[in-house]
Amino acid sequence: MQLHSRQQNWKVTQVELQGKYSTQRVQALFQYHDYASSLRVSLILLVTPLPCFLLIMAVAAVPLRPISEGVHSSHLFFVSAFVCFLVGSLVTYGQMKHMVPPAPLSTAKIIYFSGIAAAITVGFMYALTLTIGYPLSFGIVTVSPVWPHLLLGPRRQRGSV
């Protein structure tokens, strides 16, 4: 039963198996290519990465305490890591909501689960920092494998994965 459920979930996430691509959509793409101005396309290409860039700039602008003061005075570092994981979780759940039809994710659930995943991930990073030492080299990279498992946590609780 569980294998069938996993196969079903895998098929649902595959774009090519959902019939989303049609000749009409390909024709619409060619039509857009023919009629969209180069200026419009250039502006879209320039503006699309702005939200990510602004988030990176906001996180990088946070004034951090000197390393010599230790982990207990570096709360803003962990707050900025929380914001990064929160935004990543929100975006990931948002994509899941639109691309995986059986995923019953309301906006409230997306915010709730994103906050939990970000908090646990940063808590794990804080615990590693206390155990290994501060600064934790490649801290975000080190705890990143924990994050996807937390994103799938709500589905695991329901027993559907």
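The residue that is nearest to the chain's Cα centre (by Cα), among those in segment 59-73 that are touching a residue at least 24 places away in the same chain (Cβ under 8 Å) and assigned to a helix (DSSP H, G or I), is Val59. Taken together, the criteria exclude Gln2 from residues that are surrounded by 11 or more Cβ atoms within 10 Å (Cβ to Cβ), at pLDDT below 90 and not hydrophobic (A, V, I, L, M, F, W, C). Of all residues in segment 82-91, none are in a loop (DSSP other than H, G, I, E, B) and surrounded by 10 or more Cβ atoms within 10 Å (Cβ to Cβ).
Filtered by the rule that a residue be buried (at least 16 other Cβ atoms within 10 Å of the Cβ), modelled with pLDDT of 85 or more and not aliphatic (A, V, I, L, M), segment 94-114 gives Phe113, Ser114. Of the residues making up segment 79-138, those that are in contact (Cβ under 8 Å) with a residue 12 or more places away in the chain, over 27 Å from Glu69 (Cα atoms) and β-branched (Val, Ile, Thr) number 6.
When segment 115-161 is examined, which residues are found to be modelled with pLDDT under 90, part of a helix (DSSP H, G or I) and of a type in the set (Phe, Trp, Tyr)? Answer for segment 115-161, where residues must be modelled with pLDDT under 90, part of a helix (DSSP H, G or I) and of a type in the set (Phe, Trp, Tyr): just Trp147. When segment 31-54 is filtered for residues that are under 28 Å from Gly88 (Cβ atoms) and either charged (D, E, K, R) or not in a helix (DSSP H, G or I) (or both), the ones remaining, listed by number, are Thr48, Pro49. Among the residues in segment 60-71, are any assigned by TED's automatic domain parsing to the domain that holds Leu130, closer than 30 Å to Lys109 by Cα and surrounded by 13 or more Cβ atoms within 10 Å (Cβ to Cβ)? Scanning segment 60-71, I find no residue that is assigned by TED's automatic domain parsing to the domain that holds Leu130, closer than 30 Å to Lys109 by Cα and surrounded by 13 or more Cβ atoms within 10 Å (Cβ to Cβ), so the answer is no. Can Val47 be described as at pLDDT below 85 and either farther than 26 Å from Met125 by Cβ or charged (D, E, K, R) (or both)? Spelling it out, it is not the case that Val47 is at pLDDT below 85 and either farther than 26 Å from Met125 by Cβ or charged (D, E, K, R) (or both).
The values are calculated or read from the model by the stated rules, or taken from the named source; none is laboratory data. This is a predicted model, so every value here is computed, not measured. Please note: Cβ atoms are built from the backbone with ideal geometry, for glycine as well, and neighbour counts cover all protein chains shown.
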